[in-house]
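First up is the structure itself, then whatever we jot down about it.
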Amino acid sequence: MHLDSDRFRQVVTSAPLVSIDLLVCDSDGRVLLGQRLNRPAIGYWFVPGGRIYKNETLDAAFERITLVELGRTFRRSQARLLGIYEHFYEDSVFGTQGEAPDTHYVVAGYRLDLPAGASLTPPRQQHDAYLWWEAEAMLASPEVHDNSKAYLHTPL
């Protein structure tokens, strides 16, 4: 279910958004990150993910989000729940801090391990570039958002 801009702004102003983030790992243990095109976290390297829609089951949301973010459908049963996280941003899709509401996400973080030889063709809707990152490089880079780094602090 998609909301028009005015209703969505009311939701962002009034309530947390519920989403799924994906710690996608290749067979070498590298993590897929995309450079964000949109607020919040614009310009940062971030894990793929997306909002869960009203009346959408977690399984359906997982399949939709993996298709939209990774270019390929995966089932939630193929992933492992890392935990529930909170993301707070001072800006939102509606603009910068002070001119727009802030954003609060409650996020179900999942780890998805790709089998050797698996390929992805992520569309460039939310991210303008994708790279596979070593965990140490992710943690050291100021260009990787802290909310994405947090998934590496969960026992994998």
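The values are calculated or read from the model by the stated rules, or taken from the named source; none is laboratory data. These numbers come from a predicted model, not from an experiment. Glycine also receives a Cβ, built like all others from the backbone with ideal geometry; neighbour counts cover every protein chain displayed. Remember, those area values only see protein heavy atoms, side chains included, never the ligands or the DNA or RNA. Shrake-Rupley method; radii C 1.70, N 1.55, O 1.52, S 1.80 Å.
Before moving on, here are some points about what is shown:
- Only one of the listed residues (S14, S19) is of a type in the set (S, T, N, Q) and touching a residue at least 24 places away in the same chain (Cβ under 8 Å). That residue is S19.
- Residues of segment 72-95 that turn out to be within 19 Å of L114 (Cα to Cα) and either modelled with pLDDT under 95 or among the charged types (D, E, K, R) (or both), as a count: 4
- Restricting segment 1-37 to residues that are assigned to a loop (DSSP other than H, G, I, E, B) and open to solvent by 80 Å² or more (accessible area, probe 1.4 Å), the residue that is modelled with the lowest pLDDT: M1
- Residues within segment 64-98 that are of a type in the set (V, I, T) and in a helix (DSSP H, G or I), tallied: 3
- Selection within segment 124-149 - part of a helix (DSSP H, G or I) and closer than 14 Å to G43 by Cα: D146, N147, S148
- Subset of segment 85-98 (residues that are under 13 Å from the mean Cα position of the chain (by Cα) and open to solvent by 40 Å² or more (accessible area, probe 1.4 Å)): E86
- Any hit, segment 106-115, residues being under 19 Å from G43 (Cβ atoms), among the β-branched types (V, I, T) and surrounded by 11 or more Cβ atoms within 10 Å (Cβ to Cβ): no
- Checking each residue in segment 124-144 for being more than 19 Å from L82 (Cβ to Cβ), aliphatic (A, V, I, L, M) and either open to solvent by less than 70 Å² (accessible area, probe 1.4 Å) or over 18 Å from the mean Cα position of the chain (by Cα) (or both) picks out A129, A137, A140.
- Selected residue (criterion: most open to solvent (accessible area, probe 1.4 Å)) from residues of segment 60-81 that are within 18 Å of H127 (Cβ to Cβ) and either free of Cβ contacts under 8 Å to residues at least 40 places away in the same chain or among the aromatic types (F, W, Y) (or both): L67
- Any chance T57 is without any contact (Cβ under 8 Å) to a residue 40 or more places away in the chain, farther than 20 Å from S14 by Cα and touching a helix residue (DSSP H, G or I) at 6+ places or on another chain (Cβ under 7 Å): no
- Applying the condition of being outside any loop (DSSP other than H, G, I, E, B) and farther than 17 Å from G50 by Cα to segment 99-123 and asking which residue is nearest to the chain's Cα centre (by Cα) yields D113.
- Unique match (being of a type in the set (A, V, I, L, M, F, W, C), without any contact (Cβ under 8 Å) to a residue 24 or more places away in the chain and either touching a strand residue (DSSP E or B) at 6+ places or on another chain (Cβ under 9 Å) or over 13 Å from R30 (Cβ atoms) (or both)) among A129, A135, A150, A140: A140
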